[in-house]
Each structure stands twice: as structure tokens, then as C-alpha cells.
1. Being farther than 16 Å from Thr120 by Cβ and touching a strand residue (DSSP E or B) at 6+ places or on another chain (Cβ under 7 Å), is that true of even one residue in the stretch 192-210?
2. Just to be sure I understand the filter: pairs with C-beta atoms under 9 Å, separated by 6 or more residues or on different chains, first member in the stretch 90-112 and touching a residue at least 40 places away in the same chain (Cβ under 8 Å) and β-branched (Val, Ile, Thr), second member surrounded by fewer than 16 Cβ atoms within 10 Å (Cβ to Cβ) and outside any helix (DSSP H, G or I). Which pairs pass?
3. What's the total number of residues in the stretch 15-54 that are surrounded by fewer than 24 Cβ atoms within 10 Å (Cβ to Cβ), touching a strand residue (DSSP E or B) at 6+ places or on another chain (Cβ under 6 Å) and under 23 Å from Gly189 (Cα atoms)?
4. If a residue has to be touching a residue at least 60 places away in the same chain (Cβ under 8 Å), under 20 Å from Asn116 (Cβ atoms) and of a type in the set (A, V, I, L, M) to count, how many in the stretch 10-61 make the cut?
5. Suppose we filter Leu88, Leu54, Leu24 for residues that are modelled with pLDDT of 95 or more, over 21 Å from Met131 (Cα atoms), in contact with a Lys or Arg (Cβ under 8 Å, 6 or more places away or on another chain) and not β-branched (Val, Ile, Thr); which single one remains?
6. Tell me the residue from Lys133, Lys161, Lys173, Lys111 that is in a helix (DSSP H, G or I), modelled with pLDDT of 95 or more and under 15 Å from the mean Cα position of the chain (by Cα), please.
7. Could you check the stretch 55-92 and list, in sequence order, the residues that are assigned to a helix (DSSP H, G or I) and surrounded by fewer than 17 Cβ atoms within 10 Å (Cβ to Cβ)?
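The values are calculated or read from the model by the stated rules, or taken from the named source; none is laboratory data. Keep in mind that this is a model prediction, so the values were computed, not measured. Virtual Cβ from ideal backbone geometry, glycine too; neighbours counted across all protein chains shown.
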Amino acid sequence: MDKIKFDFNNRTAVVTGGAQGFGLDIVKRFLNSGARVVIWDIDSKMIDKVTKELNNSNLTTSIVDISNYKEVENCANEIMKNSNIDILINNAGITGPTSTLWEYDIEMWKKVVDINLMGTFNCCRAIVPNMIKNNYGRIVNVASVAGKDGNANASAYSVGKAGAIGLTKSLGKELADKNIAVNAVTPAGAKTRILDQMTKEHVQRMLSKVPRGRFLEVEEFTSLVCWLSSEENTFSTAAVFDISGGRSTY
């Protein structure tokens, strides 16, 4: 099936966690649709690999720890010296270990929430003023069905993603009188490297909850993100778009 062509000409997009998985596929689709793309990722080896593979003059990269606000702010300011930031994809995240809440390592619990929730907050806080100034912006926060349902043995991840959903609804309402759309997407398990962080039992339990009986394909996810990031999305904001194969029905 041919991919729909989106028009991102003269748009600048920041994609966090853009060196692999969902983020990398979004980056590729944005570049093919005419956007200037900035990858923010903490994995320097993956950034080097992607930069060489894509070899695209419209792509720039920065090593950023999104849980560190000053790093985020500094990188955002560097971009805004020469360009507006029109699109923000808050994709970076980690699952953390599989463990019951009462046995969960406290520092790791904080780290998972810091990246999945505070990272999203940090990026929005640093970039939204530029979008307000230009009365244009599209923000997509990558959450998870875990943020809706709460996955057993994944309390930190579930809390972080639930928080990102709440942030999306609040920020979307705050910006509703402007041409800025803020939405979240809640995928079920997908064929990405994030599955490697989980036990086989946990992965199988996730799959058993999906009525379609398979994991999400990355390209399916990217298509939804692209529409939410485009000028075609003129009305939807503060919303949560499910892409879970029927697992979540609300």
C-alpha cells in the first residue's frame, strides 16, 4: 500500500528519541515529506549511525537528556536562533524493569517517570512559547495504552504515560484559542527494540490483550502521527488517539 504524501515543506520538526524505533520512522517520513528535522536522542552511537545512513542535509541531531530541563532549553534556543519549531514529537521513553511496585527500585522508578513524563513537560515548556509567538504548532505526545489501563509489573511506565496523557489534555486546552494542536497517541505493543527490555512472559501477556492478535507495525503508527502533525489537523486537540488493535475502547 502506497504511503499518503504529507506536506511538511518549510516546517521544522523536533523528534525526541528519533534515532531508533517509532522516532526514526517518523524522522524518515518527515524528511521524505519536505520537513527540516532535528533529532534529540541520548544514544550517541545510534545518532552517528542514523546520520550516516540518512545522509540528508535537512537532518540535524543533538545529544540531549530530555529529563534535564537546561539541556532541553539550550538545544531549543539553538534551533530557534535560525528557525521556528513548528512540530514537536515527544517520543523518547523507556519502559524500565518489570517488577511489582513494592519491589521496584526507587531510583529506577524515578528515572522512568522523569524520562516519560518530565521529559515531555520539559520539551513542551521550552518550545511552546515559540509556537505561541508564531501562532502555529503541532505537538504529538507518544503515550501508551499502559497509561490508560495500567500494566501489572510496569507501574513506573504506566504512571509516566498516564501523566503524559493528562499533560496533553491540559496543555491542549491552554492552547485551544491558537493554531496549535496538542494530542497524544496510545499505541499497544509494537515491533520495536523496546520489546527487548521486557521479559518474554511480559511481551506475551501484552500480545494476548490485543484483539487483532498481532503487534502494531511501525509504519501504521507513523501515519497517525504524521496526520496529527500536519496542517490538515485543524480541529483535534487535547485528545488521545488510540492505536491499540482494539485493546482499549475508550
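1. Taking the stretch 192-210 first, the residues farther than 16 Å from Thr120 by Cβ are 192-210.
Next, only the ones that are touching a strand residue (DSSP E or B) at 6+ places or on another chain (Cβ under 7 Å) stay: none.
Looking for residues that are farther than 16 Å from Thr120 by Cβ and touching a strand residue (DSSP E or B) at 6+ places or on another chain (Cβ under 7 Å), one finds none in the stretch 192-210, hence no.
2. The qualifying pairs are Thr98/Thr199; Thr100/Ala152.
3. Of the residues in the stretch 15-54, 0 are surrounded by fewer than 24 Cβ atoms within 10 Å (Cβ to Cβ), touching a strand residue (DSSP E or B) at 6+ places or on another chain (Cβ under 6 Å) and under 23 Å from Gly189 (Cα atoms).
4. 3
5. On the way: Leu88 fails: over 21 Å from Met131 (Cα atoms); Leu24 fails: in contact with a Lys or Arg (Cβ under 8 Å, 6 or more places away or on another chain).
Just a single option satisfies the conditions, and that option is Leu54.
6. The match here is Lys161.
7. Of the residues in the stretch 55-92, the ones assigned to a helix (DSSP H, G or I) are 69-80.
Matches in the stretch 55-92: Tyr69, Lys70, Glu73, Asn74, Asn77, Glu78, Met80.
This table checks each residue for (1) in contact with an Asp or Glu (Cβ under 8 Å, 6 or more places away or on another chain); (2) of a type outside the set (Asp, Glu); (3) free of Cβ contacts under 8 Å to residues at least 12 places away in the same chain.
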residue	(1), (2), (3)
Asn183	no, yes, no
Ala188	no, yes, no
Thr199	no, yes, no
Ser208	no, yes, yes
Leu216	no, yes, no
Phe221	yes, yes, no
Ser229	no, yes, no
Val240	no, yes, no
